[in-house]
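> Encoded as structure tokens, here's the structure I'll be asking about.
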Amino acid sequence: MLHRIGRPWGRVGWRFQRGVLLQIPEGVSVYVFPGEDVSKQLLRGDFELGIRRLLQDVLCPGMVFVDAGANLGLYTVIASRIVGPSGRVFAFEPSRREWTRAQRSVAANSLPNAEVYRVALTDRDRPLSLNVCEPHFGAYNSVGVVTHFYAAGHGSHVERVEGRSLDSVLAEKRIGRVDVLKLDVEGAEELVLRGGRNLFMHPESPIIICELSDYTAEGVGSSATRVWDLLSSYGYRLYSIIRTDDGYRLGSCDRRARIDYEDVLALKPAHMYTLRRKVQFPEAPAQPPSAPDLDAHA
């Protein structure tokens with residue numbers, strides 16, 4: 001069974017752990033922590049602004065959002081506010097430290113439609129060992145070896161965590177639809193995608209915002225190209241998310257031998273048709289052969 005664990009804010013005595021509640025332009029707040037890498041960028045006001053703008057374009061009230069690799073809970077709280085009371089957000093973060101922080105951010109915003117689980121999404125239900133980095137490098141925790149050049153050598157300890165496949169979780173929670181998935185799990189993206197095969201092959205499969213990086217995938221025995229190929233086998237087309245001064249633009253994402261780091265938007269033809277009024281594609285999206293009411297959430 002899938003469980004949320006304990007009181008997330010109990011017994012935190014250190015100042016570093018308590019953090020500071022930061023209001024961000026999306027109209028929600030998130031806890032940030034002195035010295036922590038993502039927190040420093042949030043305090044500067046320049047953390048993943050393109051992806052945050054894109055999320056506002058692809059999400060609508062009433063949608064179901066999955067945050068795989070919630071970390072501090074930034075995208076969890078942003079998505080929760082956008083989808084509103086009629087929508088739902090399911091976030092997954094295996095590290096006890098980061099899970100606690102994400103829970104606190106959800107609680108601070110009084111978001112009853114968001115649930116945060118201390119679970120590592122993977123290819124099948126099984127226990128996993130999570131390599132947890134020092135507090136400043138919490139964004140680089142990995143179920144494999146920490147191979148990102150920035151965080152390598154900054155390991156702290158290993159936690160035994162619950163691993164679940166996305167298909168298994170959705171079946172248990174009786175979630176029949178996911179509209180958008182944000183996937184950033186430090187190299188384990190291939191495992192998550194394999195564990196969600198039923199979801200991603202379904203006619204109503206979700207839009208995917210995904211990180212591709214050989215820097216992290218190598219530590220899990222995977223590669224960015226393998227993720228690219230798997231998404232393509234599910235019928236997705238990939239676009240690079242390129243940050244601009246006013247948000248983002250989409251570019252072509254070509255298969256190549258190595259991808260050091262790239263954020264991508266993975267879409268099927270029906271997604272492209274639905275988003276045609278909000279998102280500018282490198283080419284005009286064609287209408288799918290048989291189009292149901294694709295603007296139900298528009």
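> To the nearest 0.05, what FRET efficiency results for GLU283 and HIS157 with a Förster distance of 45 Å applied to their C-beta separation?
Efficiency at R0 = 45 Å is approximately 0.40.
> Separation of segment 206-232 and segment 125-141 by C-alpha centroid, Å?
Taking the Cα centre of segment 125-141 as reference, the centre of segment 206-232 is 18 Å away.
> Around ARG237, with a cut-off of 11 angstrom between Cβ atoms, what is the net charge of the other residues, counting Lys and Arg +1 and Asp and Glu -1? Please list the in-between numbers first.
Numbers: positive: LYS268; negative: GLU283.
Residues close to ARG237 contribute a combined charge of 0.
> So how much slack lies between ALA108 and THR244, counting 0.36 nm per residue of separation and subtracting their Cα-Cα distance, in nm?
Residue separation times 0.36 nm, minus the Cα-Cα distance, leaves 45.9 nm.
> Please enumerate, by chain and number, the lysines with C-alpha under 18 Å from the C-alpha of LYS182, excluding those fewer than 8 residues away in the same chain.
LYS268
> Just subtract the alpha-carbon distance of ILE24 and PHE149 from 0.36 nm times their residue separation and send over the number in nm, one decimal. Before the final figure, lay out each step's value.
Values: separation 125, 0.36 × 125 = 45.00 nm, distance 2.90 nm.
Full-extension gain reported as 42.1 nm.
> Check cross-link reach from LYS173 to the aspartates and glutamates: straight Cα distance under 20 Å, and skip same-chain residues fewer than eight apart.
List returned: ASP67, GLU93, GLU115, ASP123, ASP125, GLU162, GLU204.
> Would you mind giving the average projected area, over all directions, of the Cα convex hull of segment 37-277 in nm² with one decimal? Walk me through the numbers on the way to the answer.
On the way: hull surface 48.4 nm².
Its Cα hull, projected and averaged over all orientations, spans 12.1 nm².
> Is any residue of segment 97-121 close enough, with backbone N under 20 Å, to a label point placed 7 angstrom from the Cα of ILE175 along the Cα-Cβ axis, and if so, which?
Only 98-121 pass the distance filter.
All of the numbers you see were taken from the coordinates with simple rules; none came from a lab. From a predicted model like this one, the values you see are computed outputs, not experimental measurements. Glycine also receives a Cβ, built like all others from the backbone with ideal geometry; neighbour counts cover every protein chain displayed.
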